[in-house]
Amino acid sequence: MVPKKLLIFAEQIYRMFFSGETIMKTIITIMATLLTIQLQAQNNVTIRYNQVGSYPWQEKIIVVEGINPVGKLKVTTPDGKTLKPKVKMREATSAFSGKKRYVIDLGNLTSTGLYQVSVDGKSCNFAVSEHPFADIAKASLRLFYLIRSGIVITQGGEYNRPLGHPDTSVLVHPSAASSLRPAGTIISSPYGWYDAGDYNKYVVNSAFSIGLMFAAYEQLPHYFAHLRTNIPESDNNTPDLLDEMMFNLQWLLTMQDPMDGGVYHKLTTPNFEGFVMPSDCKQLRYVVTKSVTASLDFAAVMADAARLFESYQKDYPGFSAIAAAASERAYRWAKEHPTAFYHQNELKDPAVTTGTYGDGNARDEFFWASSALYRLTGRQHYLDDARQYQPERFTAPSWGNVASLGSFEWMKSENEELGINLRNQLIAYCDEAIKPVTSSCFQSPFGNKAQDFGWGCLAEKCCCQGFVLLYADKLLGTTKYQPNALQNADYLLGRNATGYCYVTGFGEKSPMHPHHRISASDGIEKPFPGMLVGGPNPGQQDKREMKAKYPSDYPDESYIDDAASYASNEVAINWNASLVAFLCWLDTLH
Ligand code: G3I
Ligand code: 9MR
């Protein structure tokens, strides 16, 4: 239609004004303009959907934007039949952008396979499978092998790499000096995972990450007994998840000052490295000042590790006793130094500018550590401390607030009063979390208020919330919150405002340029698979340093797939830990 009309129009113009040569140019220009307009109109239609997959039995929701889809929706089944599904639809308006969206329940798509869903010329492939989360859950845990430091990576396939950061000659920073280890002492502190896009190793975040994955492991021991991630330890008698944790625990143990039991806050270069491979890094590395939060997180995770590795003495002889003793010493140090918070600006010779994991409140760390130690030892003074530091309400797990990890320690407890109180808090959190779902733009508990978005939100707010919802169901023996947990997974995997599936290597549109030094410098186009990026962050703390501009300032669209964007597109162990906890649990639902 358009070209014919155009020709007539152009011919008239020609007759009136132009020579033959000019007419051709004019026709082409006008045609191009109209075609662009037409394409743009079509491009405004978007379908947001979970790009990884859904269980046959779960609800199938897509969200359409840019057009009212009534009468325009077509679904083709895996065996090629065209359906005119009886859809339930509602309209929702974004509280952030004012965009109008159509939330469509596709109804009963229960056969497995790939459905094609189309709306007015736009289409997507919607996968239904018996094990939609199997591959992505496994990749989220295997990622920890790929980011191991201080070893040659030999089982990473195309991601194999030579040794980097052996950390066998690490300097004691003046802030960490003690009489046994004066400033400049060289210690060995090898192994552990790289924290994130950077190459440093931080005790607070390491302990939190292991603690969260332990919490998942304790709820799903049968699942993890069979989950193999193709790591060097896969053939031993210990579940791969525990083997992977051990790689980081070994490093954590070296972070305790043998003189007094206090724990160094981090092992770091003075400044962040450039975007080079680990084997090309040459900066000196230091352990810096001991802190109360690092010591308590260390104490908590070592107590848990002592308990959980008790059954795996054959592979790790003596470890449980060592971990238990290390835990109690670190706790004692923290009790003696309750205000030893980490103040990076006080560090000199050299000054240090890397990640802080700073936190001026150690109540939650005291609660987690005393709870874990009471569970391990049954000693009265740990119970007294746990009672003293118990939280007033439940908050989802995050590195800065670990009270939930303490609460998890009490869920099976015989100590009725504390246990019941903490269980009730967790259920109250869940009931609050699911309230916005039915009026939300993406039919999910996560993503409805501006505070849902920020640095690392997809992990701290979306995955952890989903994990807690599943946890609550297990406690209650119900499946009440399960649909809501699955909705957060749908959000994470594509049914969201940007249309990204936020886990690398999965989905049709996923991050290709995470702020991850290895992925950016290994010469391989694809980033490591199975990494969760931080996600939309209206704080945009990196915008002044980036050449590219964030595509939007709306909280849920403040995301850019740019390797320079550390505030929205970095990866981190605590974030992947929440991905493991969440997705592995979802993978058990079949
Ligand atoms: O807690 C407040 C909250 O009360 C407030 O409503 C909200 C509003 O933005 O901010 C919250 O604080 C945020 C905090 O994260 C909460 O986790 C800060 O704004 C935000 O700047 C802070 O970001 C942290 C970031 O380092 C900068 O310090 C991330 O959590 C933390 O994951 C990240 O960690 C870095 C390491 O330092 C270095 N390695 C990479 C790693 C990941 O980016
Ligand atoms: O790469 C760093 C990332 O791991 C941190 O989360 C982030 C915030 O501390 O900082 C990144 O490093 C940037 C630094 O802060 C400022 N200059 C650019 C660095 C990224 O290349």
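The values are calculated or read from the model by the stated rules, or taken from the named source; none is laboratory data. Source: prediction; values computed, not measured. Reconstructed Cβ throughout: ideal geometry from the backbone, glycine too, with neighbour counts over all protein chains shown. Ligands, DNA and RNA are excluded from the accessible area calculation, which covers all protein heavy atoms including side chains. Shrake-Rupley method; radii C 1.70, N 1.55, O 1.52, S 1.80 Å.
The table below lists the values:
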quantity	calculated
Number of the exception - GLN451 against (1) open to solvent by 20 Å² or more (accessible area, probe 1.4 Å); (2) outside the structural domain of PRO538 (by TED's automatic domain parsing)	(2)
Members of region 154-183 that are in contact with a helix residue (DSSP H, G or I) (Cβ under 8 Å, 6 or more places away or on another chain) and of a type outside the set (D, E, K, R)	GLN155, GLY156, TYR159, PRO162, LEU163, GLY164, HIS165, SER175, ALA183
Qualifying residue in region 459-477 (condition: open to solvent by less than 10 Å² (accessible area, probe 1.4 Å), under 23 Å from SER206 (Cα atoms), in contact with a strand residue (DSSP E or B) (Cβ under 9 Å, 6 or more places away or on another chain) and within 16 Å of ligand 2 (Cβ to nearest atom))	yes
Residues of region 555-573 that turn out to be part of a loop (DSSP other than H, G, I, E, B), open to solvent by less than 10 Å² (accessible area, probe 1.4 Å) and either touching a Cys at 6+ places or on another chain (Cβ under 8 Å) or away from ligand 1 (no atom under 13 Å from the Cβ) (or both), as a count	1
In region 402-425, the residues that are surrounded by fewer than 23 Cβ atoms within 10 Å (Cβ to Cβ), within 18 Å of ALA472 (Cβ to Cβ) and not hydroxyl-bearing (Ser, Thr, Tyr)	TRP410, MET411, LYS412, LEU418, GLY419, ILE420, ASN421, ARG423, ASN424, GLN425
Residue within region 492-514 that is under 15 Å from ASN576 (Cβ atoms), aromatic (Phe, Trp, Tyr) and not assigned by TED's automatic domain parsing to the domain that holds TYR55 present	yes
Near pairs, Cβ below 9 angstrom, 6+ apart or cross-chain, from region 101-117 (in the same structural domain as VAL64 (by TED's automatic domain parsing)) to any residue that is assigned to a strand (DSSP E or B) and among the acidic types (Asp, Glu)	ARG101/GLU65; ARG101/GLU91; TYR102/GLU65; TYR102/GLU91; VAL103/GLU91
Region 532-554, residues that are buried (at least 24 other Cβ atoms within 10 Å of the Cβ), more than 12 Å from ligand 2 (Cβ to nearest atom) and not in a strand (DSSP E or B)	GLY535, PRO536
Conditions (1) open to solvent by 10 Å² or more (accessible area, probe 1.4 Å); (2) among the charged types (D, E, K, R); (3) more than 16 Å from ligand 2 (Cβ to nearest atom); (4) assigned to a helix (DSSP H, G or I): number failed by GLU508	(4)
Residue ID - farthest from the chain's Cα centre (by Cα), chosen from residues in region 159-184 that are surrounded by fewer than 16 Cβ atoms within 10 Å (Cβ to Cβ) and among the hydroxyl-bearing types (Ser, Thr, Tyr)	SER179
Any hit, region 254-262, residues being open to solvent by less than 10 Å² (accessible area, probe 1.4 Å), assigned by TED's automatic domain parsing to the domain that holds LYS348, not in a loop (DSSP other than H, G, I, E, B) and not hydroxyl-bearing (Ser, Thr, Tyr)	no
Conditions (1) closer than 30 Å to ARG495 by Cα; (2) open to solvent by 60 Å² or more (accessible area, probe 1.4 Å): number failed by LYS122	(2)
Filter result for ALA137 (modelled with pLDDT of 95 or more, more than 16 Å from ligand 1 (Cβ to nearest atom), open to solvent by 20 Å² or more (accessible area, probe 1.4 Å) and not assigned by TED's automatic domain parsing to the domain that holds GLY53)	no
Of residues in region 352-375 being part of a loop (DSSP other than H, G, I, E, B) and touching a residue at least 60 places away in the same chain (Cβ under 8 Å), the one nearest to ligand 2 (Cβ to nearest atom)	GLY355
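Let's see how each residue does on (1) out of contact with any strand residue (DSSP E or B) (no Cβ under 7 Å at 6 or more places or on another chain); (2) modelled with pLDDT of 95 or more; (3) within 16 Å of ligand 2 (Cβ to nearest atom):
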position: VAL152; (1), (2), (3): yes, yes, no
position: TYR159; (1), (2), (3): no, yes, no
position: PRO174; (1), (2), (3): yes, yes, no
position: ASP198; (1), (2), (3): yes, yes, yes
position: TYR202; (1), (2), (3): no, yes, yes
position: PHE208; (1), (2), (3): yes, yes, yes
position: ALA216; (1), (2), (3): yes, yes, no
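Let's see how each residue does on (1) at pLDDT 95 or above; (2) of a type in the set (Ser, Thr, Tyr); (3) within 13 Å of ligand 1 (Cβ to nearest atom):
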| site | (1), (2), (3) |
| --- | --- |
| ALA485 | yes, no, no |
| LEU492 | yes, no, no |
| THR498 | yes, yes, no |
| GLN540 | yes, no, yes |
| TRP575 | yes, no, yes |
